[in-house]
Amino acid sequence: MANVLVRDLDADVLKQLKAAAKAHGRSLQAEIHDVLERATTRNLADTRRLSAQWLKRLRKSSPSDGAVMIREDRDQR
């Protein structure tokens, strides 16, 4: 496993992490592990929200027919 060194961490952030660790009954290191693991995984709700946004955007656009564009270009010559 890799080690990570975090420098110049804001005192308030550290205080909040310590409080969260205490509330969850674990060490500061375990709390930071959990925060980082959760930050790297997208939950199902986020995935659905992003998918809905993309579908909405795609529905607004109309696909172009490449064959039509090629014919138009060819006819101009």
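Here, each number is a calculation from the coordinates, and none is a lab measurement. In this text, all values refer to a predicted model and were calculated from it rather than measured experimentally. Neighbour counts are summed over all protein chains in view; Cβ atoms, including those assigned to glycine, are modelled from backbone coordinates with ideal geometry.
Net charge near E31, counting Lys/Arg +1 and Asp/Glu -1 over other residues with Cβ under 15 Å of its Cβ?
Net of charged neighbours comes to +3.
Would you kindly calculate the mean projected area, averaged across all directions, of the convex hull enclosing the Cα atoms of the chain, in square nanometres?
The Cα convex hull of the chain, projected and averaged over all directions, gives 11.4 nm².
Could you give the length gained on full extension between S51 and K15, defined as 0.36 nm per residue of separation minus the Cα-Cα distance, in nm?
Taking S51 through K15 to full extension adds about 9.3 nm, to one decimal.
Just subtract the alpha-carbon distance of E72 and S27 from 0.36 nm times their residue separation and send over the number in nm, one decimal.
Length gained, E72 through S27: 9.4 nm.
Once you put a point 7 Å from the Cα of L5 and another 7 Å from the Cα of D34, both along the Cβ direction, what distance in nm separates them?
2.8
To make sure I understand the rule: partners must be lysines, Cα under 28 Å from the Cα of K60, and not fewer than 8 residues away in the same chain. Which ones qualify?
The reachable lysines, counting only those whose Cα sits under 28 Å from K60, number zero.
Tell me the trypsin sites (Lys or Arg not before Pro) within the stretch 15-60 that lie in a loop according to DSSP and have at most 12 other beta-carbon atoms within 10 Å.
Passing both the DSSP loop test and the Cβ count: R42.
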